[in-house]
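Presented below is the structure to which this report refers.
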Amino acid sequence: MRADLIQIGVVGRPHGVRGLVHVHSYAADAAALEAYKVLVDEKGREWSLRWRGADGVAELRDAQGKPLADRTAAQALVNTRLFVPRDVLPEPEEEEFYHADLIGMEAREGDCSLGQVVMVHDYGGGASLELTGGVLVPFTRACVPEIDLKGRVVTIVRPVEVSGEEGRGVGTAKAAGPAA
């Protein structure tokens, strides 16, 4: 898969019998998925999307403009991840990062490697980084004081709950998922 692609959504379950699907958008504004002329999946297939009502129901069309024929065709696309090229997305603001930029970075605490960032979780109460081995670190300035995008390294200061050390400072940082 191309390195310049950022995941913008994922196809969910079929809706009805006419080939419509539920699509979960990772953009700040779900309408952006319709504005992107081309969405690409993991297999390199090109799609376009048109929203067809509430609750994330959409019509997917292939590169030739043909909509999915029926529920069977829609079912075949469940869990298909949809991507857009990075250059069509806005640049993140200062102290904002696309999750895709953080995933795969080496996590270091001093001279010690803690593994890699394998996932960014954000359930509404603040983002956290999941490191190799399942360790979760709050994505705050106190716990992640430095991010070197070019060097692909995040500096980690584990909180007391994880490291067992005495208190740390307080700060904030934002992790932005793909935004439009």
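The values are calculated or read from the model by the stated rules, or taken from the named source; none is laboratory data. Bear in mind that the values here come from a model prediction, so they are computed numbers and not experimental data. Every residue, glycine as well, gets a Cβ built from its backbone with ideal geometry; the counts of neighbours run over all protein chains shown. Side chains are part of the model used for accessible areas, which takes the heavy atoms of the whole protein and leaves out ligands, DNA and RNA. Shrake-Rupley method; radii C 1.70, N 1.55, O 1.52, S 1.80 Å.
Across all directions, the average flat footprint of the convex hull enclosing the Cα atoms of the chain is 11.6 nm². Note on LYS37: aspartates and glutamates with a C-alpha under 17 Å away, same-chain residues under 8 apart excluded, are ASP4, ASP29, GLU46, GLU59, ASP62, ASP87. Partners of LYS150 within straight-line reach, counting aspartates and glutamates whose Cα lies under 14 Å from its Cα and excluding those fewer than 8 residues away in the same chain: ASP101, GLU106.
For VAL157, the residues whose amide H sits under 5 Å from its own are VAL144, ignoring neighbours fewer than 5 places away on the same chain, with H placed 1.01 Å from N.
Helix content alone sets the calculated 222 nm mean residue ellipticity of the chain: runs of n ≥ 4 DSSP H residues at -39500 (n - 2.57) each, divided across all residues, give -1500 deg cm²/dmol.
Sequentially through segment 16-29, phi angles give Karplus couplings (6.51, -1.76, 1.60; θ = phi - 60°) of x, 10, 9, x, 6, 9, 7, 10, 8, 8, 9, 7, 4, 10 Hz, Gly and Pro residues having no value and appearing as x.
Just so you know, the averaged projected area of the alpha carbon convex hull for segment 5-88 sits at 4.9 nm². Spin-label model, GLU93/VAL78: points 7 Å from Cα along the beta carbon direction are separated by 3.8 nm. The chymotrypsin sites (Phe, Trp or Tyr not before Pro) of segment 27-129 that DSSP puts in a loop, and whose beta carbon has at most 10 other beta carbons within 10 Å, are TYR123. At full extension, ARG50 and VAL118 could sit 21.3 nm farther apart than now, given 0.36 nm per residue minus the alpha carbon distance. Here the accessible area of segment 5-88 is 49 percent carbon and sulfur, with a 1.4 angstrom probe and all protein chains present. Cα-Cα pairs above 17 Å in segment 68-148: how many percent? Summing the P(r) tail past 17 Å for segment 68-148 gives 58 percent.
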